[in-house]
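See below for the structure under consideration.
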Amino acid sequence: MASVHESLYFNPMMTNGVVHANVFGIKDWVTPYKIAVLVLLNEMSRTGEGAVSLMERRRLNQLLLPLLQGPDITLSKLYKLIEESCPQLANSVQIRIKLMAEGELKDMEQFFDDLSDSFSGTEPEVHKTSVVGLFLRHMILAYSKLSFSQVFKLYTALQQYFQNGEKKTVEDADMELTSRDEGERKMEKEELDVSVREEEVSCSGPLSQKQAEFFLSQQASLLKNDETKALTPASLQKELNNLLKFNPDFAEAHYLSYLNNLRVQDVFSSTHSLLHYFDRLILTGAESKSNGEEGYGRSLRYAALNLAALHCRFGHYQQAELALQEAIRIAQESNDHVCLQHCLSWLYVLGQKRSDSYVLLEHSVKKAVHFGLPYLASLGIQSLVQQRAFAGKTANKLMDALKDSDLLHWKHSLSELIDISIAQKTAIWRLYGRSTMALQQAQMLLSMNSLEAVNAGVQQNNTESFAVALCHLAELHAEQGCFAAASEVLKHLKERFPPNSQHAQVICLLHGIRFISDNNSFYYNIKWDIISPQKNNIEKAVVLQAQNQMSEAHKLLQKLLVHCQKLKNTEMVISVLLSVAELYWRSSSPTIALPMLLQALALSKEYRLQYLASETVLNLAFAQLILGIPEQALSLLHMAIEPILADGAILDKGRAMFLVAKCQVASAASYDQPKKAEALEAAIENLNEAKNYFAKVDCKERIRDVVYFQARLYHTLGKTQERNRCAMLFRQLHQELPSHGVPLINHL
């Protein structure tokens with residue numbers, strides 16, 4: 001970390017009741033809060049082993065490190081923390097501070113004189129080189145350097161600190177008594193506690209160097225792994241501004257400010273903080289002192305590289321390319337192969353839409369391995385796997401490549417890339433239509449704890465990979481009709497990734513998921529308008545079809561098809577083709593739908609999208625049924641139904657079984673009577689299965705169609721009681737649901 005600005009060393013200051021003894025070489029100063037901590041340490045050493053239980057002493061020892069390293073907090077908060085660990089000791093500390101604050105200046109003088117006795121004797125109470133011993137020695141040294149006027153100001157600040165603490169304690173006690181009588185006041189107290197908690201982090205003056213380093217490292221780690229436990233963007237920026245006010249050349253504070261501004265997508269402030277970080281890095285000499293002139297050039301080229309990454313993140317690709325060219329030029333002049341390798345990786349990111357980008361990526365992976373950069377090599381492999389998945393490569397080859405990448409992760413303990421790899425596998429299995437494998441990978445990722453210990457209270461990673469896995473989990477549960485479970489996952493997503501977090505944009509895809517029945521035709525209504533306008537337009541076309549506005553739906557789908565073909569989004573092209581085909585047979589034009597379906601089947605086979613291929617075959621079978629060739633439709637269904645029943649959504653399973661029953665009934669028309677009765681019985685069994693599937697997703701319109709079909713079959717078989725039961729159920733649903741007169745056979 002950068003050292004404290006030298007201008008502070010020779011200027012002992014007094015700001016808001018805090019004395020700063022910044023003599024050269026001293027990196028700490030005395031504050032009223034630290035005097036309270038010294039009182040706690042003194043009382044712990046004076047208390048005998050029998051007076052405090054082993055469990056209480058253990059809790060006190062665990063409390064000491066954050067008290068010594070963390071920022072100053074209010075006296076009431078300090079009392080509360082000590083009381084939670086050892087109530088008896090909290091009372092002794094409170095009495096001791098009260099006697100000192102309400103006494104005279106000589107009481108504080110005597111207290112610091114007595115601190116030196118902790119190191120005396122053959123068996124001292126505190127070892128000089130221990131954490132507590134170093135803290136005591138720093139405080140004694142800093143206090144001895146103070147002038148008489150500074151000592152008097154420190155004592156005045158201690159009195160004010162004590163009075164504020166007593167006032168806050170009385171207010172909390174009054175509020176607690178009031179909350180017992182009125183339940184509504186309890187919520188107000190909880191809200192007040194939260195706001196006070198943020199204020200307690202704020203210091204009235206600057207932090208010492210150790211406190212600043214601890215604060216910055218803690219917040220940076222929380223931003224990376226568990227953003228919900230970090231300070232809010234406004235509170236963190238306030239703390240950083242307070243820190244930079246007293247030490248404007250603290251480079252790491254500027255970098256944390258850059259990370260904080262990225263959370264709220266503030267382009268101007270994040271760029272400003274990033275440039276200030278590298279400027280201060282050069283000014284403080286942190287690079288040039290160890291590397292000479294090379295350190296200066298290193299800062300410049302990495303500043304340009306980070307600026308390129310920042311512009312790329314915000315979509316400013318032209319500015320990113322200019323900054324990257326500057327970084328490459330400086331790196332080539334300095335013969336810095338590591339920086340050039342990072343630049344090569346970003347060149348791929350900027351040019352990944354080009355057809356020859358995979359050549360650049362393969363070269364990047366080889367170079368990263370050559371220069372011993374496992375992080376970059378693994379990221380390159382991940383990108384290569386993703387690119388080849390969209391190009392239609394087989395799943396076994398992709399998984400072999402990811403296995404090689406995983407070996408790098410575990411060998412070098414790259415925990416973040418382990419999470420990314422598992423999330424990548426989840427997405428690949430989803431792409432290929434294997435929902436069971438995708439569910440297994442998502443649950444594996446969520447069951448893993450972070451390999452990086454954030455702090456004692458954080459055991460989970462709130463990274464982007466976890467957000468992606470939870471989104472997949474919500475969709476998979478929704479597809480299987482587990483709407484309550486999907487809602488719970490979405491609720492957990494909102495709690496774990498609040499709107500102001502940096503990964504909130506990942507979950508906005510599913511943020512407003514609802515399961516509705518528009519015109520009694522069940523489908524998922526997801527807010528795609530932020531992430532995918534194409535999906536949003538498909539949903540609009542579905543609504544227009546349900547409203548029998550076929551011409552408007554056709555225009556919308558044709559425009560969307562051209563757009564997706566330009567983007568080379570194969571998944572969306574196939575989905576649009578299926579929607580257009582459905583539009584044609586709803587308009588009684590099944591022959592026009594066949595070329596669309598064959599094109600969709602060819603694309604899904606080429607890119608190995610198994611589930612989309614099965615869905616396309618399902619639609620082809622339905623078209624053949626409409627054209628009067630149910631035998632061929634039934635043989636096609638035997639090809640497609642296994643993947644659908646294994647990995648398909650509940651709604652698709654029901655549609656498939658319903659279609660099988662229709663084909664069986666249509667094929668049985670030419671059978672003799674015994675064989676025909678057997679075929680109709682089999683169709684009724686399939687209809688029961690389809691009805692169960694539709695019931696799981698509460699799709700009443702399709703249940704109505706099924707029971708109507710069952711009633712007709714029971715009538716043909718002469719089963720009057722079963723026919724009447726189905727007819728009664730059909731009548732109830734028909735009265736409940738509107739009907740637009742669409743023939744039953746034209747509805748898949």
Exercise. Look through region 81-108, keep the residues that are outside any helix (DSSP H, G or I) and out of contact with any Leu (no Cβ under 8 Å at 6 or more places or on another chain), and return whichever of them is farthest from M44 (Cα to Cα).
Key: E104
Quiz item: Taking F709, is it touching a residue at least 40 places away in the same chain (Cβ under 8 Å) and open to solvent by 20 Å² or more (accessible area, probe 1.4 Å)?
Solution: yes
Exercise. Could you check, for region 585-596, whether at least one of its residues is buried (at least 20 other Cβ atoms within 10 Å of the Cβ) and either of a type in the set (D, E) or within 32 Å of the chain's Cα centre (by Cα) (or both)?
Key: no
Quiz prompt | Options Y317, Y348; residue that is of a type in the set (F, W, Y) and open to solvent by less than 40 Å² (accessible area, probe 1.4 Å) | solution = Y348
Quiz item: L439: at pLDDT 90 or above, open to solvent by less than 40 Å² (accessible area, probe 1.4 Å) and closer than 20 Å to L490 by Cα, yes or no?
Solution: no
Exercise. Within region 643-676, work out how many residues are without any contact (Cβ under 8 Å) to a residue 24 or more places away in the chain, more than 20 Å from C482 (Cα to Cα) and open to solvent by 20 Å² or more (accessible area, probe 1.4 Å).
Key: 8
Quiz prompt | Residue selected from region 346-398 under the condition outside any helix (DSSP H, G or I) and more than 23 Å from A327 (Cβ to Cβ), by the criterion farthest from the chain's Cα centre (by Cα) | solution = S355
Exercise. Could you check how many residues of region 120-140 are in contact (Cβ under 8 Å) with a residue 24 or more places away in the chain, assigned to a helix (DSSP H, G or I) and open to solvent by 80 Å² or more (accessible area, probe 1.4 Å)?
Key: 1
Exercise. Considering every residue within region 73-80, establish whether at least one is of a type in the set (S, T, Y), surrounded by 15 or more Cβ atoms within 10 Å (Cβ to Cβ) and assigned to a loop (DSSP other than H, G, I, E, B).
Key: yes
Quiz item: Which of the residues belonging to region 544-562 are assigned to a helix (DSSP H, G or I) and surrounded by fewer than 16 Cβ atoms within 10 Å (Cβ to Cβ)?
Solution: M550, S551, E552, K555, Q558, K559, V562
Quiz prompt | Cβ pairs under 9 Å, 6+ apart, first in region 90-117 and not assigned by the TED database to the domain that holds T156, second part of a helix (DSSP H, G or I) | solution = none
Practice problem: From S614, S604, grab the single residue that is part of a helix (DSSP H, G or I), out of contact with any strand residue (DSSP E or B) (no Cβ under 7 Å at 6 or more places or on another chain), touching a residue at least 60 places away in the same chain (Cβ under 8 Å) and buried (at least 23 other Cβ atoms within 10 Å of the Cβ). | Solution: S614
Practice problem: Please verify whether region 610-623 includes one or more residues that are among the charged types (D, E, K, R) and closer than 23 Å to I428 by Cα. | Solution: yes
Self-check item: Where a residue in region 579-595 is farther than 21 Å from V562 by Cβ and aliphatic (A, V, I, L, M) and its partner, wherever it lies, is surrounded by 14 or more Cβ atoms within 10 Å (Cβ to Cβ) and at pLDDT below 90, with Cβ under 8 Å and at least six apart
Solution: none
Practice problem: Tell me, please, whether a residue that is surrounded by fewer than 15 Cβ atoms within 10 Å (Cβ to Cβ), at pLDDT 80 or above and not polar (S, T, N, Q) can be found in region 238-256. | Solution: yes
Quiz item: From the list K425, K411, which residue is assigned to a helix (DSSP H, G or I) and crowded, with 21+ Cβ neighbours inside 10 Å?
Solution: K425
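The values are calculated or read from the model by the stated rules, or taken from the named source; none is laboratory data. Predicted model only: the values in this text are computed from it and were never measured. Virtual Cβ from ideal backbone geometry, glycine too; neighbours counted across all protein chains shown. Surface accessibility is based on the protein's heavy atoms, side chains included, excluding ligands, DNA and RNA. Shrake-Rupley method; radii C 1.70, N 1.55, O 1.52, S 1.80 Å.
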